[in-house]
Amino acid sequence: MTAPLLDVRGLKVAARLGDRAHPILKEVSFQIMPGEAYGLVGESGSGKSVTSLAVMGLLKKPLRVAGGEILFKGQDLLQLSKREMRRLRGNRVAMIFQEPMTALNPLSTVGRQIAEMFVLHQGKGWDEAQRLAVDALASVRVPNPDRRARNFPHQMSGGLRQRVMIAMALACNPDLLIADEPTTALDVTVQAEVLRLIKELCAERGTAVLFISHDLGVIASTCQRVGVMYSGCLVEENETQALFGDPRHEYTRGLLGALPRLGSRSQHGRQRLVDIDSIISDRSKLTETRFIAPRAAEGGQP
Amino acid sequence: MTAPLLQVDDLHVRFPIAGGGLLGGRRTLYAVNGISFDLAKGECLSIVGESGCGKSTTALSILGLQEATEGSIRYRGQPFSGAGGPGRMQRARAVQMVFQDPYASLNPRQTVRTSLSAPLRLHGIKSASEISDRIEAMLADVGLTPEQADRYPHEFSGGQRQRIGIARALILEPEIVVLDEPVSALDVSIRAQIINLLLDLQEKRGLSYLMISHDLSVVEHMSDRVLVMFAGQVVEEGGWRQIFETPAHPYTRRLIAAIPDPDVALRRSERSERSADLPMLDGRAFVADGSVAPDVFVRPAPSELVEFAPGHKVRLAAAH
């Protein structure tokens, strides 16, 4: 059994307002194996983004970690100093954000922004780093990488900007890529291209991915294992196929029923979509049951 | 067969844009290039396409918020655009719009009652009791309670605000409602509730919907007919079955193939790989398969929308 790359154990995050601490994440635990694509899916406010920010060490006040461990290659990220965390971030753990326009610096060319990664994390000189940046752009299949490296973010389309983000994130060959709604702002055909790119590049390099999305379709088409979050809890976790084929938790069942499925109207006629509140009597009880399926036995251990 | 409620005939919208450079002349942006369609009573017609394809501009023209450069829009056989068209007041009673973002489309300083009573008052209803009755009936129809009428938008959740947006659009009892991405800002569970509500209201009131969306699974679920737009033109038009079961145009197929759908991703249901037979193609090319971004500053090459099966049309390059 390989050791997990990321092992989040009983992570609690609270928001301190006045003298009261409000729980935001309630003991979230999950593991990501090296090279695995793991998806966290949930509706707004379920805590999926807070989870990713906690892993990156980017929680802002009033949010703070109130308990638990985040083990990355066996090392607890919560114990690291800010300086050590900075060295890790962007180098071993990288992140792609939802809005590529706000995540890129508008005053600097994209080539320079990618080159910065090599200078900061690998100690390269600027000249060499600029050359590597062009290679990085080529690797995310940006046409004319030479010319594009001299572009400012506003000169690029949304899809290209997101490719730049991916090039930056993968520049140092991280072990873990966190993708927080990476395609939400994009058109469907561009979204399909960007998802394929992330999938292929990570598979090639053996990068593990923590994929965060509210879109069940995106998660199903990219991840091997999925966790469903509701109100700060991981209520169900399973292999993708099993989770979508045989959802165990009533919230997951409600979510899947609420989704209009492509092709279902031609097969079964127009069915009323499931109103999640009509099948769930009491939302406050949803987090009392959790279904976490054991990982498929690998080397004898569950 | 009754006359269609709304007829759009060869609609063009062009925007003059200041050209590049200091001495650059004016350039023309070709936003909508010859769109024609009919909307029947009680029908849901969807326009799908990606950002910049002209679907919102088309909708704005119908609402009278964007002047058409060429072409005509008729409502119940009467001109509905340009100089001969109706004024704002008459238009408001015929067509209303539900916006994408329920947060931005309500006035934060007005209670729901104020928002809903203003159109009634403007349209000549003076009696306070009638106004209040109509508001209460409207709120009940969209699944809100009369007590909620005196609250402000910030006191509601996203789904509830979209219900208010729908109530605001329907309070004048229009026949046509333009739905501009009505559920794309909402969470999955709320989205299902709003879709169900829209379908119920359509059935109950015999509404005609013109829905603009990029979410093809929602479009398949709700529409009777679908227009696929690319670069300001309709590239394919047909009933929902024709578009989703036997798509003909390569762009339509690309759009459908690009949808991340759990069933397809997991191969639990095979997506139909069939595409329509095109006997009349004889060497004529499809216009724009969507693999290259269009140049919006160039007048599109001549082409025609060819009907190859009843109601199913596809755009081909002009015959030589």
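The values are calculated or read from the model by the stated rules, or taken from the named source; none is laboratory data. Predicted, not measured: the structure shown is a model, and the values here were computed from it. Positions of Cβ are backbone-derived with ideal geometry, glycine not excepted, and every protein chain shown enters the neighbour counts.
Rundown of residues vs (1) free of Cβ contacts under 8 Å to residues at least 60 places away in the same chain; (2) not polar (S, T, N, Q), yes/no style:
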{"site": "B:75", "(1), (2)": "no, yes"}
{"site": "B:89", "(1), (2)": "yes, yes"}
{"site": "B:102", "(1), (2)": "no, yes"}
{"site": "B:107", "(1), (2)": "yes, no"}
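Somewhere in the stretch A:276-289, is a residue of a type in the set (Asp, Glu) and more than 24 Å from residue A:10 (Cα to Cα)?
Yes - at least one qualifying residue is present in the stretch A:276-289.
Considering B:316, B:305, which residue is buried (at least 20 other Cβ atoms within 10 Å of the Cβ), touching a Lys or Arg at 6+ places or on another chain (Cβ under 7 Å) and at pLDDT 80 or above?
It is B:316.
Which of (1) under 27 Å from residue A:43 (Cβ atoms); (2) buried (at least 18 other Cβ atoms within 10 Å of the Cβ) is the odd one out, the single condition residue B:143 does not satisfy?
Only one criterion in (1) under 27 Å from residue A:43 (Cβ atoms); (2) buried (at least 18 other Cβ atoms within 10 Å of the Cβ) is unmet by residue B:143, namely (2).
For residue B:110, only one of the following conditions fails: (1) at pLDDT below 90; (2) surrounded by fewer than 16 Cβ atoms within 10 Å (Cβ to Cβ); (3) in a loop (DSSP other than H, G, I, E, B). What is its number?
The number of the failed condition is (1).
With respect to residue A:284, is the statement that it is of a type in the set (S, T, N, Q), more than 10 Å from every other protein chain (Cβ to nearest Cβ) and either in a helix (DSSP H, G or I) or touching a residue at least 40 places away in the same chain (Cβ under 8 Å) (or both) true?
Criteria met by residue A:284.
Mind listing whichever residues of the stretch A:258-269 are more than 7 Å from every other protein chain (Cβ to nearest Cβ) and either touching a Leu at 6+ places or on another chain (Cβ under 7 Å) or part of a loop (DSSP other than H, G, I, E, B) (or both)?
A:269
Which one of the conditions (1) aliphatic (A, V, I, L, M); (2) surrounded by fewer than 22 Cβ atoms within 10 Å (Cβ to Cβ); (3) closer than 20 Å to residue B:214 by Cα does residue B:47 fail to meet, given that it meets all the rest?
Failing condition for residue B:47: (2).
Identify, please: which residue in the stretch A:38-72 is in contact with a helix residue (DSSP H, G or I) (Cβ under 7 Å, 6 or more places away or on another chain) and over 18 Å from residue A:90 (Cα atoms) and is, among those, farthest from the other protein chains (Cβ to nearest Cβ)?
Per the stated criteria, the residue is A:69.
Given the options A:90, A:47, A:18, A:39, name the one that is out of contact with any strand residue (DSSP E or B) (no Cβ under 9 Å at 6 or more places or on another chain) and crowded, with 19+ Cβ neighbours inside 10 Å. Step through it out loud before you land on a result.
Numbers: A:47 fails: out of contact with any strand residue (DSSP E or B) (no Cβ under 9 Å at 6 or more places or on another chain); A:18 fails: crowded, with 19+ Cβ neighbours inside 10 Å; A:39 fails: out of contact with any strand residue (DSSP E or B) (no Cβ under 9 Å at 6 or more places or on another chain).
The match here is A:90.
Within the stretch B:43-56, does at least one residue satisfy the condition of being at pLDDT 90 or above and over 26 Å from residue B:217 (Cβ atoms)?
no
Restricting to the stretch A:198-217, what's the tally of residues that are more than 14 Å from chain B (Cβ to nearest Cβ) and not hydrophobic (A, V, I, L, M, F, W, C)?
Summing the residues that are more than 14 Å from chain B (Cβ to nearest Cβ) and not hydrophobic (A, V, I, L, M, F, W, C) in the stretch A:198-217 gives 5.
Which of (1) farther than 30 Å from residue B:292 by Cα; (2) of a type in the set (D, E, K, R); (3) not in a helix (DSSP H, G or I) is the odd one out, the single condition residue B:50 does not satisfy?
That leaves (1) as the condition not met.
Just give me the residues in the stretch B:188-245 being charged (D, E, K, R), under 15 Å from residue A:261 (Cβ atoms) and either in contact with a His (Cβ under 9 Å, 6 or more places away or on another chain) or crowded, with 23+ Cβ neighbours inside 10 Å (or both), in sequence order.
Of everything in the stretch B:188-245, those that are charged (D, E, K, R), under 15 Å from residue A:261 (Cβ atoms) and either in contact with a His (Cβ under 9 Å, 6 or more places away or on another chain) or crowded, with 23+ Cβ neighbours inside 10 Å (or both) turn out to be B:191, B:220.
Regarding residue A:294, is this residue within 23 Å of the chain's Cα centre (by Cα), closer than 21 Å to residue A:39 by Cβ, modelled with pLDDT of 90 or more and part of a loop (DSSP other than H, G, I, E, B)?
It is false that residue A:294 is within 23 Å of the chain's Cα centre (by Cα), closer than 21 Å to residue A:39 by Cβ, modelled with pLDDT of 90 or more and part of a loop (DSSP other than H, G, I, E, B).
Can you find even one residue in the stretch A:164-179 that is part of a helix (DSSP H, G or I), within 14 Å of another protein chain (Cβ to nearest Cβ) and buried (at least 21 other Cβ atoms within 10 Å of the Cβ)?
No, that holds for no residue.
Yes or no: residue A:97 within 23 Å of residue A:77 (Cβ to Cβ) and of a type outside the set (Val, Ile, Thr)?
Values: within 23 Å of residue A:77 (Cβ to Cβ): yes; of a type outside the set (Val, Ile, Thr): yes.
Yes, satisfied.
Tell me yes or no: at least one residue of the stretch A:207-218 is under 15 Å from the mean Cα position of the chain (by Cα), among the hydroxyl-bearing types (Ser, Thr, Tyr) and not in a loop (DSSP other than H, G, I, E, B). Let's see the steps before the verdict.
If we filter the stretch A:207-218 for residues that are under 15 Å from the mean Cα position of the chain (by Cα), which is where we start, we get A:207-218.
Filter once more, keeping what is among the hydroxyl-bearing types (Ser, Thr, Tyr): A:207, A:213.
Filter again for not in a loop (DSSP other than H, G, I, E, B), leaving A:213.
Yes, that holds for at least one residue.
Out of B:154, B:123, I need the residue that is farther than 24 Å from residue B:60 by Cα and touching a residue at least 40 places away in the same chain (Cβ under 8 Å). Which one?
Within the list B:154, B:123, the selection yields B:154.
For residue B:100, indicate whether it is within 28 Å of residue A:43 (Cα to Cα), assigned to a helix (DSSP H, G or I) and modelled with pLDDT under 95.
Details: within 28 Å of residue A:43 (Cα to Cα): yes; assigned to a helix (DSSP H, G or I): no; modelled with pLDDT under 95: yes.
No, not satisfied.
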